[in-house]
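Report on the structure given below.
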Amino acid sequence: MLKEQGKLKEAGEHLKKYVELEEAAGRHNGEAYYSLGTYYLGVGNARDAKLMLQRAIEIDPQSALFNNAMGDVYLVDKEPKVALVYYQKALEKDPKYALAFSGMGDAYRDLGDVAAAEKSYRRALELRGDYNLVYFKLGELYEKANPVEAIKQFEKYLASGKNLALAKQAEARLAVLRPVVEVQQIK
């Protein structure tokens with residue numbers, strides 16, 4: 001709740017205390033490590049995120065949730081090949097895990113494999129039609145190679161009306177893309 005209220009420091013302190021209490025009681029709680037790890041990732045502390053998520057994975061190596069989060073950490077650390085390993089582990093546990101497909105798309109994009117990125121993003125949308133952030137990601141993917149398709153994807157993202165944290169970015173990209181496409185159509 002604190003995180004949702006924007007009280008990140010307080011949220012972090014509570015999560016640290018949660019881990020401390022679990023360890024003091026002799027429990028090594030994967031969920032506690034995961035929660036603190038994703039908190040660290042959210043505040044840009046990839047080193048500590050890795051440490052906490054590794055503890056979570058040691059407790060439950062098959063957890064799709066834990067492995068997906070570790071993939072996210074490696075993606076932030078600009079190690080997309082390693083991120084792919086963790087996303088694949090997540091999908092081995094849960095082949096319908098849309099978040100892992102989205103992460104794989106990001107990793108493939110970072111590796112320059114547009115076809116694999118597109119395939120992963122499309123699979124994420126097949127599995128979870130309400131995962132509107134993927135439309136933004138597809139817009140980014142198509143931005144240079146296929147501006148018309150990029151426009152469609154950014155418009156789908158904005159039309160969803162949900163999870164619009166990147167709305168201003170989408171609108172700015174559309175403002176650049178639309179004139180380019182108009183000029184191309186005139187020629």
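The table that follows gives values for the structure above.
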| quantity | calculated |
| --- | --- |
| Top of Glu143, Glu31, Glu22 by mean-square fluctuation, Gaussian network on the chain, Cα under 10 Å | Glu22 |
| Over 31 Å (Cα to Cα) - which of Lys78/Lys162; Lys9/Lys96; Lys93/Lys137; Lys9/Lys144; Lys9/Lys168 fall in this group | Lys9/Lys96; Lys9/Lys144 |
| Accessible solvent surface per residue of segment 1-149, calculated while the other protein chains remain in place, 1.4 angstrom probe, Å² | 53 |
| Ratio Rg/Rh, restricted to the chain and using Cα atoms, in which Rh is the Kirkwood radius | 1.05 |
| Gaussian network model of the chain, Cα within-10 Å springs - most flexible of Val82, Val176, Val19 | Val176 |
| Only Lys, Arg (+1) and Asp, Glu (-1) charged, at Cβ; the chain dipole about Cα centre in debye | 420 |
| Most to least accessible of Val43, Val181 (protein chains only, probe 1.4 Å) | Val43, Val181 |
| Estimated FRET transfer efficiency when R0 is 35 angstrom, pair Val82-Glu171 (beta carbons, to 0.05) | 0.55 |
| Surface share of carbon and sulfur [accessible, 1.4 angstrom probe, percent] for the chain | 53 |
| Förster-model FRET efficiency, 41 Å R0, Leu8 and Ile186, C-beta, rounded to 0.05 | 0.25 |
| Over segment 70-134: Rg over Rh, Cα atoms, Kirkwood Rh | 0.94 |
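The values are calculated or read from the model by the stated rules, or taken from the named source; none is laboratory data. In this text the structure is predicted, and so the values were computed from the model without any measurement. Every residue, glycine as well, gets a Cβ built from its backbone with ideal geometry; the counts of neighbours run over all protein chains shown. We work out accessible area using only protein heavy atoms, side chains counted, and drop any ligands, DNA or RNA first. Shrake-Rupley method; radii C 1.70, N 1.55, O 1.52, S 1.80 Å.
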